[in-house]
1. Give me a count of the residues in the range 46-69 that are part of a loop (DSSP other than H, G, I, E, B) and either surrounded by 19 or more Cβ atoms within 10 Å (Cβ to Cβ) or of a type in the set (S, T, N, Q) (or both).
2. Would you mind stating whether Leu241 is out of contact with any Phe, Trp or Tyr (no Cβ under 6 Å at 6 or more places or on another chain), in the same structural domain as Gly58 (by TED's automatic domain parsing) and not β-branched (Val, Ile, Thr)?
3. Assess whether Lys207 counts as being touching a residue at least 24 places away in the same chain (Cβ under 8 Å), under 28 Å from Phe74 (Cβ atoms) and not assigned by TED's automatic domain parsing to the domain that holds Leu55.
4. Within the range 186-202, take every residue that is buried (at least 20 other Cβ atoms within 10 Å of the Cβ) and in contact with a helix residue (DSSP H, G or I) (Cβ under 7 Å, 6 or more places away or on another chain) and give me the one that is nearest to Asp170 (Cα to Cα).
5. Please tell me if Ala278 is under 30 Å from Lys79 (Cβ atoms) and surrounded by 12 or more Cβ atoms within 10 Å (Cβ to Cβ).
6. If Ser182 passes every condition in (1) surrounded by fewer than 18 Cβ atoms within 10 Å (Cβ to Cβ); (2) of a type in the set (Ser, Thr, Tyr); (3) modelled with pLDDT of 90 or more but one, which one does it miss?
7. Residue pairs, Cβ under 9 Å, 6 or more apart or interchain, first in the range 290-318 and free of Cβ contacts under 8 Å to residues at least 24 places away in the same chain, second among the small types (Gly, Ala, Ser). List them.
8. Looking for whichever is in the same structural domain as Lys38 (by TED's automatic domain parsing) and either over 24 Å from Met121 (Cα atoms) or touching a residue at least 40 places away in the same chain (Cβ under 8 Å) (or both) here; the options are Asp235, Asp195, Asp261. Which one fits?
Amino acid sequence: MKEQIIRNLEFGIQNSDGVLVVDKPAGISSAKAVAIVKRLLKVRKIGHAGALDPLATGILVCCLNRATRLAYFFLKSAKTYKAVLHLGVETDTQDATGEIIAQCRNAIVNEAELSTINAVMKRFEGKIKQMPPVYSALKHKGVPLYKLARRGEPVQKPAREVVMKSIRIDAIDLPYIHFTVSCSAGTYIRTLCADIGAALGYGGHLKALRRVASGGFTIRQAIGIEELEKSAGSDKLRSALSARIIPAADALTDMPVWVADTNLAAKIKHGQRIPHSAFRIPHSKLGTFIKITDTNNNLLAIVEDVKEKQHYRYQGVFN
């Protein structure tokens, strides 16, 4: 009986169409972390929704099996980070992994200047233009920029608009400034650190980074790799691990939901058009997207309300 229960739990985890929020440790890539999760859970398919540099720790949203189709929506979501800016030292990668390219020997901030740090950082709130770092995963003619930079062929991409919702200083322990930033997807915190350092007149780079919120999830919901390894290898803990996997229907917390009746469920199953007359629902923080579930809270589809159309546009079907 016990062995059957264990097999049922393993089967349930392997076939889960949901999201597992992982706390990535420093020193490994996001791809490596995902490979570890896939091995431990034995899932068929897995993907992450927003990479972290090896230096960084924190939330890595892992989408399992059919829930990989949700990654697009998580990638577009806002993020919150806790960061440490090292004043007075610039590196070629804009973080602590790079080579030092400049140092400000007089980077000693006096008491009078301390009062200006917050004002300078506040100047970066709102919509700003940010130059992507030459050491990044963005591609030029199909080649990642960091590979070109390592070959001595750096390519600077044009500035992109990003949004800094808020920047809050948590502590100043010179030469380090600890701060929390909430920002749009696509923001480079190491570039923000370099830009703030330049604005203060000392230069700077990102010393440490931790993602504490992403896709509607917080770090409190995340499971560490070590804990995950223990849970996956323990009969007693496997049930708790299964409970940590968030069903696909519950994952997009800011997206409104419509519960389908049998008629609407049948239309979705056969890929038929859904006219606007079928239902109406207020727009969400994610815009015009709506998730449709059955009466058992199984995710059937995500649709988009396009005003120019007389029907909803499918953005993902999960039958």
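The values are calculated or read from the model by the stated rules, or taken from the named source; none is laboratory data. Bear in mind that the values here come from a model prediction, so they are computed numbers and not experimental data. Glycine also receives a Cβ, built like all others from the backbone with ideal geometry; neighbour counts cover every protein chain displayed.
1. Residues that pass the stated criteria total 5.
2. So Leu241 passes the test.
3. So Lys207 passes the test.
4. Out of the qualifying residues, it is Ile196.
5. Numbers: under 30 Å from Lys79 (Cβ atoms): no; surrounded by 12 or more Cβ atoms within 10 Å (Cβ to Cβ): yes.
So Ala278 fails the test.
6. All conditions pass for Ser182, except number (1).
7. These pairs meet every condition: Glu304/Gly287.
8. On the way: Asp195 fails: in the same structural domain as Lys38 (by TED's automatic domain parsing); Asp261 fails: in the same structural domain as Lys38 (by TED's automatic domain parsing).
None of the others qualify; the one that does is Asp235.
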